[in-house]
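Q: One structure coming up, written as structure tokens, with questions to follow.
Nothing in this text is a laboratory measurement; each read-out follows from the coordinates by a stated rule. Remember, it's a predicted structure, so these values are computed and weren't measured experimentally. Cβ coordinates were reconstructed from backbone atoms using ideal geometry, including for glycine residues, and neighbour counts include every protein chain displayed.
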């Protein structure tokens, strides 16, 4: 009897564990896709092109896609016992263009960049706060940027290429509060902070031309190791969403994108502050259950 009872308890425990794993595997996947445009001011300095600071207007396009098991509106029990259900993935595409002038107004620079971030985040906290729900998540992932700067006044060295590859940690906090008696509308506030920790950056030396570098193959430590002490860069983003109807939200927000570096005898910074507006769509994927 003891042996039979032990076998039955073991079988029950294995069945429960399998049911939990199967529940997570078949749990709904929530995909949130945000499409945003931004506009604001920028301050650019690149001493390879000029020792002057250039100021002007910047525009941006952002696409933000998040995949998660836990989301506002889904039962919190999905994350109470399973570490797997607490993971979320985020992909951010950020394209930007700017046109700037120096203080005298007699020189113009134009620039553009494309940045891609892929972040794995772990849900650290999910609890009721007032009438809404507060969440806190943290994670990290690869961060790639390609871009250019072009000084219309320069005859020698008129352009600069921008390229980096980083590992970027990110912290996210959001708050969801239903509005009205029936909760058909809701307010969703989110704050994100990201800062590259370690990476590689392309940078010519002061006075080194691209002809020397790429034609004559005069390599001079042009791939530089970066970290917060020689390239302090961070992005702050605060957004607020208002539910228009189920699965559709209107977004407004602010973004401060602060990119800086001091490598190979050159100084570079691009400080941009923009207002954001966009549309957010939510989809729920339910895996097939035979």
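Q: Expressed in whole Å with the largest first, what are the equivalent ellipsoid semi-axes of the range 106-149 derived from the C-alpha gyration tensor as the square root of 5 times each eigenvalue?
A: Details: eigenvalues 297, 53, 6 Å².
Working from the Cα gyration tensor, I get semi-axes of 39, 16, 6 Å.
Q: On to the next question. In nm, to one decimal, how far is the modelled label at residue 103 from the one at residue 89, with both set 7 Å along Cα→Cβ?
A: 5.0 nm
Q: Another question, then. With a 10 Å radius around each residue's Cβ, average the other Cβ atoms per peptide and rank 112-119, 97-104, highest first. Walk me through the numbers on the way to the answer.
A: Values: 112-119: 18.1, 97-104: 16.1.
Going from most to least packed, we get 112-119, 97-104.
Q: Let me ask something else. Using mean Cβ contacts within 10 Å as the protection proxy, how do 200-211, 43-54 order, highest first? Don't jump to the answer; show the numbers that get you there.
A: Details: 200-211: 15.8, 43-54: 18.9.
Descending packing order for the listed peptides: 43-54, 200-211.
Q: Measure out, as a whole number of angstrom, how far apart the alpha-carbon centroids of the range 255-274 and the range 196-242 sit.
A: 10 Å
Q: Give, in nm to one decimal, the length gained when the segment between residue 258 and residue 209 is fully stretched (0.36 nm per residue of separation minus the Cα-Cα distance). Please report the intermediate quantities before stating the final value.
A: Values: separation 49, 0.36 × 49 = 17.64 nm, distance 2.68 nm.
This chain segment gains 15.0 nm when fully extended.
Q: Additional query: Subtracting the Cα-Cα distance from 0.36 nm times the residue separation, let me have the gained length for residue 200 to residue 246 in nm, one decimal. Walk me through the numbers before you get to the answer.
A: Values: separation 46, 0.36 × 46 = 16.56 nm, distance 4.30 nm.
Here the segment from residue 200 to residue 246 would lengthen by 12.3 nm.
Q: Can you tell me what share of the DSSP beta bridges in the range 30-285 is antiparallel? A percent to the nearest 5 is fine.
A: Percent antiparallel among DSSP bridges in the range 30-285 is about 100.
Q: If one puts a single equal scatterer on every Cα of the range 30-285 and applies the Debye formula without solvent, what log₁₀ I(q)/I(0) results at q = 0.09, 0.11 Å⁻¹?
A: Those come out to -0.47, -0.66, one per q.
Q: Using 0.36 nm times the number of residues separating residue 193 and residue 146, minus their current alpha carbon distance, what extension gain do you get?
A: Working: separation 47, 0.36 × 47 = 16.92 nm, distance 2.08 nm.
Full extension of this stretch gives 14.8 nm more.
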